[in-house]
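Input: a single structure, listed below in structure tokens.
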Amino acid sequence: MPTGSCMCNAVRYEYQGEPDVTALCHCVDCQKWSGAAYTSNIVVARKLFKITHGSPKSFAVTGASGKENNHFFCGDCGSSLYTELEVMPDQVCIKSGGVDDRSVRDYPVGVEFYVKDRMKYSAAIADAKQVPQFG
């Protein structure tokens, strides 16, 4: 069962099975939240994801989709952990950098969201579906 954590290990999680999809998100919300050009996500069913240690803090914001985005992070070290999106109610977007099993690097990116907001220096992933925005 894949596991992951924040940088200081105060919050740990696990999920079952293979990801539904791996995704990069270029929306301005993810850019601001991560401080980077995009977030890298492993998308799994919410029912297969669970916090096993600690309690993450959360911050809710209305995203570009007009729907609520709940960002979960460690209150101690500030690491981004996962996002629950109203537009994807049955899934969790786990930030791939926090996953302990480094084989996640081998998963191909299946989709890029909000490519309309992609930074010009960031090229499209050749085989990934390109989605301009949600909705």
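The values are calculated or read from the model by the stated rules, or taken from the named source; none is laboratory data. This structure is a prediction, so every number in the text was calculated from the model and none was measured. Cβ coordinates were reconstructed from backbone atoms using ideal geometry, including for glycine residues, and neighbour counts include every protein chain displayed.
If the requirement is being within 25 Å of residue 8 (Cα to Cα), out of contact with any helix residue (DSSP H, G or I) (no Cβ under 7 Å at 6 or more places or on another chain) and either of a type outside the set (Ser, Thr, Tyr) or modelled with pLDDT of 95 or more (or both), which of these qualifies: 121, 82, 114? Steps first, please.
Working: 121 fails: within 25 Å of residue 8 (Cα to Cα); 114 fails: within 25 Å of residue 8 (Cα to Cα).
Going through 121, 82, 114 in turn, just one is within 25 Å of residue 8 (Cα to Cα), out of contact with any helix residue (DSSP H, G or I) (no Cβ under 7 Å at 6 or more places or on another chain) and either of a type outside the set (Ser, Thr, Tyr) or modelled with pLDDT of 95 or more (or both): 82.
Out of contact with any helix residue (DSSP H, G or I) (no Cβ under 9 Å at 6 or more places or on another chain), under 23 Å from residue 118 (Cα atoms) and at pLDDT 95 or above: which single residue out of 70, 41, 9 fits that description?
Of the residues listed, the single one that is out of contact with any helix residue (DSSP H, G or I) (no Cβ under 9 Å at 6 or more places or on another chain), under 23 Å from residue 118 (Cα atoms) and at pLDDT 95 or above is 70.
Select from region 1-34 the residues that are part of a strand (DSSP E or B) and more than 12 Å from the chain's Cα centre (by Cα) and list them in ascending order.
Looking only at region 1-34, we keep the residues that are part of a strand (DSSP E or B), and these are 3-5, 12-15, 21-25.
Matches in region 1-34: 3, 4, 5, 12, 13, 14, 15.
I need the full set of residues from region 50-71 which are in a strand (DSSP E or B) and surrounded by fewer than 21 Cβ atoms within 10 Å (Cβ to Cβ), in order please.
50, 51, 52, 53, 57, 58, 59, 60, 61, 62, 68, 70
For region 99-135, which positions are among the charged types (D, E, K, R), crowded, with 17+ Cβ neighbours inside 10 Å and more than 29 Å from residue 51 (Cα to Cα)? Show your work before the answer.
Just the residues of region 99-135 that are among the charged types (D, E, K, R), to begin with: 100-102, 105-106, 112, 116-118, 120, 127, 129.
Those left that are additionally crowded, with 17+ Cβ neighbours inside 10 Å: 112, 117-118.
117, 118 - these are the residues of region 99-135 that are among the charged types (D, E, K, R), crowded, with 17+ Cβ neighbours inside 10 Å and more than 29 Å from residue 51 (Cα to Cα).
Applying the selection to region 119-134, what residues are under 27 Å from residue 68 (Cβ atoms) and either in contact (Cβ under 8 Å) with a residue 40 or more places away in the chain or in a loop (DSSP other than H, G, I, E, B) (or both)?
Our first condition is that a residue be under 27 Å from residue 68 (Cβ atoms); within region 119-134, this holds for 119, 122, 128-134.
Answer for region 119-134, where residues must be under 27 Å from residue 68 (Cβ atoms) and either in contact (Cβ under 8 Å) with a residue 40 or more places away in the chain or in a loop (DSSP other than H, G, I, E, B) (or both): 119, 122, 128, 132, 133, 134.
Can you tell me which of (1) out of contact with any Phe, Trp or Tyr (no Cβ under 9 Å at 6 or more places or on another chain); (2) farther than 22 Å from residue 105 by Cα; (3) surrounded by 13 or more Cβ atoms within 10 Å (Cβ to Cβ) is the one residue 32 doesn't meet?
Going through (1) out of contact with any Phe, Trp or Tyr (no Cβ under 9 Å at 6 or more places or on another chain); (2) farther than 22 Å from residue 105 by Cα; (3) surrounded by 13 or more Cβ atoms within 10 Å (Cβ to Cβ) one by one, residue 32 breaks only (3).
Just one of (1) among the aliphatic types (A, V, I, L, M); (2) exposed (fewer than 14 other Cβ atoms within 10 Å of the Cβ); (3) under 14 Å from the mean Cα position of the chain (by Cα) trips up residue 37, so point out which.
(2)
How many residues does region 38-49 contain that are touching a strand residue (DSSP E or B) at 6+ places or on another chain (Cβ under 9 Å) and not in a strand (DSSP E or B)? Before the answer, list the steps.
Pass one, region 38-49, residues touching a strand residue (DSSP E or B) at 6+ places or on another chain (Cβ under 9 Å): 38-46, 48-49.
From what's left, not in a strand (DSSP E or B): 38, 46, 48.
Residues flagged as touching a strand residue (DSSP E or B) at 6+ places or on another chain (Cβ under 9 Å) and not in a strand (DSSP E or B) within region 38-49 amount to 3.
Taking region 10-21, which residues are in contact (Cβ under 8 Å) with a residue 24 or more places away in the chain and either surrounded by fewer than 17 Cβ atoms within 10 Å (Cβ to Cβ) or under 16 Å from residue 46 (Cα atoms) (or both)?
Once the filter is applied, which keeps residues that are in contact (Cβ under 8 Å) with a residue 24 or more places away in the chain and either surrounded by fewer than 17 Cβ atoms within 10 Å (Cβ to Cβ) or under 16 Å from residue 46 (Cα atoms) (or both), region 10-21 yields 10, 12, 13, 14, 15, 16, 17, 19, 20, 21.
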